[in-house]
Structures are given as structure tokens and as C-alpha cells.
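Asks: Dumping the structure here so I can ask a few things about it.
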Amino acid sequence: MSKAKSFKKTIVVAAAAGMMITTSIGTVSAGQIYSDSTVGISSAFDRYANTLAGNDKNAGDAAKAATSTDAQKTTASAGKNAAEAKKDKTSEENKVKYPDFKDKCLVVTEDYVNIRSGAGTDSDVVGIIGNNGIATIEKKGKEWTKVTSGDCTGYIRNDLLLFGDDAGAYAEANCPKQVTVNTETLNVRTEADVNSDCITQVGSGQSFDVISQDDKWVQIALDDETNGYVSTEFVDDTYAFATAKSMEQIQAELDAKAAEEKAAEEQARQEQESADEAEAEDASDDSQSTEDDPTRQISRIQILQISHRIHQTTHHLTAAIQTIHRTM
């Protein structure tokens, strides 16, 4: 017996009992099916039986269409949400005044601050960073922030840091500015004029402190005594930020300085010994020269002769005085 005929028989029994039947298109009473006078009882049974048996192609197509419509609605909704998220992100980015400082923090202190291995003052010091030191934010906490600066990674207290736009505003107002050359070779001129003399040329990647700046020219310090002008078109604005030093770097610097001082002391000692030896040799040469110089020999003999004569004269005077005393 087919599924349609089986369901049809069930419906007839249900109609006789006045039962309710649930179909794919809703809940109907067997009496409603039985009283379908427009197509006749048999056709009504056939239609609902076929529907319950899954043989209604139209019902399947309708279900498929409904599923397709839901999928389209879901896709459209997801697309709308993505568009709104992108819009919100763009709006947020537009509100950032200093995008270069979005993931950065700036150290503000009179001297330097410690970078620790953990989020607490009982943690080991792994490095230090000075005033106007820049760092990348790894993870910001309520009281401590994990940062990376230079070759050092560790934690700094939040009250010693400025973040994001606050850091950018502080840097703009307080930090020394620099420019970095972004072209292979750049002329440095005596005046802010392309027709002025070229002092020298600087290369890509070189950075210089800024003395003054306008829209077209930047006055830079080449050294302590020399400055000149370069075009703003070929330089990028930066700041003279400090970076952290790890304890290993600091120890290496101290060792290198101690070795340098020791080498300088040794060099000074050797130079002093050489000077003493040279002075001793000069004295010896002078003594030998005196003995070998006939002119100096004659002078010494003459001095001895004069001394002898003085001695004789003194002797004679003494004798004369004694004679005078005896005669008185």
C-alpha cells in the first residue's frame, strides 16, 4: 500500500472521530477535509494525503524558496553588520588626532623610570627609559602596562605614561623635533631658497634636529656650529625620542667605559715614562757635552785660577793686618 493511500485511510478514520490533523500547511480538522465540497471528498483526501506523504512538489518548492529567502536575508544582514562595523571603525579612526601614537605611549619624568619584569614594584628591573622615551604598547592594564622599547620589554606604571592622542599632543608641544631624509641625496643650502649656495649634501635615512620650519623649508643643525636649509618635500617629520636600555646594555656600556678609562691611564703612564727617559737622556748628554767642550774646560780653569788668586790676596791681607797690630 502506498504512503498516500495509507495517510488517506488514516484521515478517514480521523474524520469519523472528529480529530485534529497537523499538516505541513497548518493544523486542520478532519471535518474540514471531509466538507471540502469544491473538489470532492476524494480529491481533498488525496491532496492532504499527498502533502503528508511528501509527494507535493509545490510544497517542497515552497519550502526551498522559503529557505533560500531566509539565507538571502541572513547574508544581507551580515553584509549590513559588516558595513556598519567598517563605518564605525572609519569614524573612530577619523576621531584620532595623532594616528602615529595610536599604539604608543610616552614616558614623562624628570630623570628616568624603571622597566620591570612584572606588574609590580617587587619585580626585577630589566631596563630603564628616560624622559620623552617612546614605547610600543603590548598590553595595557589598570595600573601597569607592558611595553617594548629598543631591545627591552617589560612593565611600567601607568601614572608615568601618556597614551595615544595625549602622548601625541605632549610630543608636539614639548619634544625636540627632527627630520629624516627620504631621498637618496638632498642639498643643504645656506638660505631657504633654491638659488642659494649648497653647503653640503645629506643622504637617505639621516636625521637632524630642527631649528625652525615652515611649509616649504626646514632649518636643520648639521653640527654644533653649522646649520642649513632643506626642502620639506624630501624629509619626514619625526621626534628626538629616547628609547629604553636593558640592564645588559647598561652593564656593557659601563664595562666599555671602564676599559676605555683604563686604556687612557695606561697610555698616560707610558707617555710619562717616555718623557722621563727622554729627560734623563738629555741631562746625560749635557754632562758629557760639558766634559768634551774645550771652551767650557778653559772656563773652569780660569775660575779655579781666579779663586786661587783671591785666596792668596786674602792671605796677604790677613798677614798685613796682623803686622799692623803688632806694631801698634
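Asks: Take Asp166 and tell me if it is over 23 Å from Asp215 (Cα atoms) and more than 19 Å from the chain's Cα centre (by Cα). Step through it out loud before you land on a result.
Replies: Numbers: over 23 Å from Asp215 (Cα atoms): yes; more than 19 Å from the chain's Cα centre (by Cα): no.
Considered against the rule, which asks whether it is over 23 Å from Asp215 (Cα atoms) and more than 19 Å from the chain's Cα centre (by Cα), Asp166 comes out as no.
Asks: Something else now. Working only within region 93-114, note down all residues that are under 14 Å from Ala244 (Cα atoms) and of a type in the set (Asp, Glu).
Replies: Selection gives Asp111 alone.
Asks: Follow-up. Residues to consider are Lys257, Lys262; find the one that is modelled with pLDDT of 70 or more and more than 30 Å from Gly133 (Cα to Cα). Break it down stepwise before answering.
Replies: Details: Lys257 fails: more than 30 Å from Gly133 (Cα to Cα).
Selected residue: Lys262, the only one of Lys257, Lys262 that is modelled with pLDDT of 70 or more and more than 30 Å from Gly133 (Cα to Cα).
Asks: If a residue has to be closer than 15 Å to Leu160 by Cα, more than 15 Å from the chain's Cα centre (by Cα) and open to solvent by less than 20 Å² (accessible area, probe 1.4 Å) to count, how many in region 114-132 make the cut?
Replies: Within region 114-132, residues that are closer than 15 Å to Leu160 by Cα, more than 15 Å from the chain's Cα centre (by Cα) and open to solvent by less than 20 Å² (accessible area, probe 1.4 Å) number 1.
Asks: I've got another one for you. With the condition being surrounded by fewer than 15 Cβ atoms within 10 Å (Cβ to Cβ), I'd like the strands (runs of 3 or more DSSP E) fully within region 133-221 carrying at least 3 qualifying residues. Outline the logic, then answer.
Replies: Values: elements: 134-140, 144-149, 152-157, 161-163, 177-181, 185-189, 198-203, 207-213, 217-221.
Strands (runs of 3 or more DSSP E) meeting the threshold: 134-140, 198-203, 207-213.
Asks: Look at Ser117 and say whether it is among the small types (Gly, Ala, Ser) and in contact with an Asp or Glu (Cβ under 7 Å, 6 or more places away or on another chain). Steps first, please.
Replies: Working: among the small types (Gly, Ala, Ser): yes; in contact with an Asp or Glu (Cβ under 7 Å, 6 or more places away or on another chain): yes.
Answer is yes for this residue.
The values are calculated or read from the model by the stated rules, or taken from the named source; none is laboratory data. Predicted model, so just to flag it, every value in this text is computed and none were measured. All Cβ positions, even for glycine, are placed from backbone atoms using ideal geometry, and neighbour counts span all protein chains on display. Side chains included, ligands, DNA and RNA excluded: accessible areas come from the protein's heavy atoms. Shrake-Rupley method; radii C 1.70, N 1.55, O 1.52, S 1.80 Å.
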